[in-house]
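Trainee: Can you read through this structure? Questions will come right after.
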Protein chains: 2
Amino acid sequence: MSKTYYDSRFISKMDQRSRVNLINSLTGFKSVSLIGTINSQKRTNLAIFSQLVHVGADPPLIGVLFRPNTVKRDTLENIQSEKIFTLNHIDSSFYKKAHHTSARWNSSEFENCDLTPEYLNSFKAPFVEESSLKLGLEFKEQLDVKVNGTHLVIGEIMQIHIEENIIGDDGFVDLEKGGIITSSGLDSYHVTNRIARLSYAKPNAEPKEL
Amino acid sequence: MSKTYYDSRFISKMDQRSRVNLINSLTGFKSVSLIGTINSQKRTNLAIFSQLVHVGADPPLIGVLFRPNTVKRDTLENIQSEKIFTLNHIDSSFYKKAHHTSARWNSSEFENCDLTPEYLNSFKAPFVEESSLKLGLEFKEQLDVKVNGTHLVIGEIMQIHIEENIIGDDGFVDLEKGGIITSSGLDSYHVTNRIARLSYAKPNAEPKEL
């Protein structure tokens, strides 16, 4: 197959839209989920995010990367003021509605995009009823990236709401069985097919399919 | 379907292995790639990572999250000393070899796991010849997470080596066509099937399939 090579000079001279598509593709497949927040006036907000990272298991921590605050960022501002947010995974039955939350709405995305706010176990931020895997998180820390002004927000998982049939005896969650999807680039959505789970890697043996 | 609820008290009392499996599953599908580095003695290292995040397109930046330095972290130390690393996406033809790099090897994972180091365009860190999408990155910034001692390393993309047939006119990279896989939890690997690409979201119209 024929290969192409781009150097940093070429990248910097690309038209902006193509560069955004290209660079957003290069981190590979991403998770994609809806972040639910509420402001001090109890107004809800729902936004789609694909920049999530596992930060640690004990305490259980997730990081979300936010773009620079050059335009109004309701989600980030709500997390900073109310210190809580929900994270709701997406399946193919409502992915178009989830994508639609990224438009510039003047009122709550729940209503505008026909998704249902749900309040569970006294958590004050709204979950998404349609989602099969929902997390309630508490704000822990914000790190600011100097080189381009993005922000990494770290939350601790306080609540997990999950379909019982997708969680295994060993704690592994079968996202695929739950219909949870993955994304690539800015606008591409995909279902998955498992190749295998592999055994813990050791030097003296090839990894085995579990 | 029946739902299960875990609160933070339950999570903190889980046995460690189950908690690690569970929490590592909760960020959803992840990209998975091989990071190639070299130390000051020109010894190569190759390690599998799934904690990647897109940080920005201009300049083109990628973040990698590293666990705390409680055990020897060759990849992180090599990046800190040599200021360069490569990121090589994985397809199903060599995913078992890629997984095997996570064992505790005493010499280079390239040789031990039967993967081929490749040196391109004077970049000093090794790429993985088997990979259809390879990036050469230069270290830019390190952020330290206070709450659990993890580190976010940010690199700028200096080189892109890509199969010509997976890059579209609009810059979008068709990872699926390239056979690039996604991962979930600690040990599960998946191929993908596109549902659709969706149009840029606007309030006055439903997102359309492109």
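The values are calculated or read from the model by the stated rules, or taken from the named source; none is laboratory data. Source: prediction; values computed, not measured. All Cβ positions, even for glycine, are placed from backbone atoms using ideal geometry, and neighbour counts span all protein chains on display. All accessible areas refer to the heavy atoms of the entire protein, side chains included, with ligands and DNA or RNA removed. Shrake-Rupley method; radii C 1.70, N 1.55, O 1.52, S 1.80 Å.
Trainee: What number of residues within the range A:111-126 satisfy the criterion of being assigned to a loop (DSSP other than H, G, I, E, B) and free of Cβ contacts under 8 Å to residues at least 60 places away in the same chain?
Mentor: 7
Trainee: Among the candidates A:PHE29, A:PHE10, single out the residue that is aromatic (Phe, Trp, Tyr) and in contact with a Ser or Thr (Cβ under 6 Å, 6 or more places away or on another chain).
Mentor: It is A:PHE29.
Trainee: Take A:PHE139 and tell me if it is touching a Gly at 6+ places or on another chain (Cβ under 7 Å) and either more than 9 Å from chain B (Cβ to nearest Cβ) or open to solvent by 20 Å² or more (accessible area, probe 1.4 Å) (or both).
Mentor: So A:PHE139 passes the test.
Trainee: Then there's this: Exactly one of these conditions fails for A:ARG73: (1) in contact (Cβ under 8 Å) with a residue 40 or more places away in the chain; (2) touching a Phe, Trp or Tyr at 6+ places or on another chain (Cβ under 7 Å). Give me its number.
Mentor: If we test A:ARG73 against (1) in contact (Cβ under 8 Å) with a residue 40 or more places away in the chain; (2) touching a Phe, Trp or Tyr at 6+ places or on another chain (Cβ under 7 Å), just (1) comes out false.
Trainee: Please work out which residue is nearest to B:ASN112 (Cα to Cα), limiting yourself to the range A:163-210 and to residues that are of a type in the set (Gly, Ala, Ser) and outside any loop (DSSP other than H, G, I, E, B).
Mentor: Among those residues, the one meeting the criterion is A:ALA205.
Trainee: Then there's this: Please enumerate the residues belonging to the range B:164-210 that are over 29 Å from A:ALA196 (Cα atoms) and touching a Lys or Arg at 6+ places or on another chain (Cβ under 6 Å).
Mentor: B:SER199, B:PRO207, B:LEU210
Trainee: Which condition number does B:GLU130 fail, the rest of (1) open to solvent by less than 20 Å² (accessible area, probe 1.4 Å); (2) in a loop (DSSP other than H, G, I, E, B); (3) more than 7 Å from chain A (Cβ to nearest Cβ) being met?
Mentor: All conditions pass for B:GLU130, except number (1).
Trainee: Any idea which residue in the range B:151-178 is farthest from the other protein chains (Cβ to nearest Cβ), counting only those that are in contact (Cβ under 8 Å) with a residue 40 or more places away in the chain and more than 18 Å from B:PHE85 (Cβ to Cβ)?
Mentor: Once the filter is applied, the top-ranked residue is B:GLY178.
Trainee: Please find, among A:ASP144, A:ASP169, the residue that is surrounded by fewer than 17 Cβ atoms within 10 Å (Cβ to Cβ) and within 22 Å of A:THR37 (Cα to Cα). Give the derivation first.
Mentor: On the way: A:ASP169 fails: within 22 Å of A:THR37 (Cα to Cα).
Testing whether each residue is surrounded by fewer than 17 Cβ atoms within 10 Å (Cβ to Cβ) and within 22 Å of A:THR37 (Cα to Cα) leaves just A:ASP144.
Trainee: Something else now. Considering only the range A:147-157, how many residues are surrounded by fewer than 20 Cβ atoms within 10 Å (Cβ to Cβ) and hydrophobic (A, V, I, L, M, F, W, C)?
Mentor: Residues in the range A:147-157 being surrounded by fewer than 20 Cβ atoms within 10 Å (Cβ to Cβ) and hydrophobic (A, V, I, L, M, F, W, C): 1 in total.
Trainee: Residues in the range B:31-52 that are under 8 Å from the mean Cα position of the chain (by Cα) and open to solvent by less than 20 Å² (accessible area, probe 1.4 Å): how many?
Mentor: Here the count works out to 6.
Trainee: Any chance the range B:146-168 includes a residue that's over 28 Å from A:VAL55 (Cα atoms), acidic (Asp, Glu) and in contact with a helix residue (DSSP H, G or I) (Cβ under 8 Å, 6 or more places away or on another chain)?
Mentor: Taking every residue of the range B:146-168 in turn, none turns out to be over 28 Å from A:VAL55 (Cα atoms), acidic (Asp, Glu) and in contact with a helix residue (DSSP H, G or I) (Cβ under 8 Å, 6 or more places away or on another chain).
Trainee: I would also like to ask the following. Could you count how many residues in the range B:99-124 are open to solvent by 30 Å² or more (accessible area, probe 1.4 Å), of a type in the set (Ser, Thr, Tyr) and farther than 21 Å from B:GLY178 by Cβ?
Mentor: So the count comes out to 4.
Trainee: Looking at the range B:93-137 only, could you name the residues that are of a type in the set (Gly, Ala, Ser), within 17 Å of the chain's Cα centre (by Cα) and more than 22 Å from B:LEU186 (Cβ to Cβ)?
Mentor: Passing the criteria: B:ALA125, B:SER132, B:GLY136.
Trainee: Of the numbered conditions (1) of a type outside the set (Gly, Ala, Ser); (2) surrounded by fewer than 18 Cβ atoms within 10 Å (Cβ to Cβ); (3) within 20 Å of B:GLY136 (Cα to Cα), B:ARG17 fails exactly one; give the number of that condition.
Mentor: The failed condition is (3).
Trainee: Now a separate question. Can you tell me which of A:LYS83, A:LYS3, A:LYS96, A:LYS72 is open to solvent by 60 Å² or more (accessible area, probe 1.4 Å) and at positive phi?
Mentor: Exactly one residue qualifies, and that residue is A:LYS83.
Trainee: For the range B:1-109, give me every one of the helices (runs of 4 or more DSSP H) that falls completely inside it and has 1 or more residues that are modelled with pLDDT of 95 or more and facing chain A (nearest Cβ under 7 Å). Can you show your working first?
Mentor: On the way: elements: B:8-13, B:16-25, B:74-82, B:95-100.
Filter on the range B:1-109 gives B:8-13, B:16-25, B:95-100.
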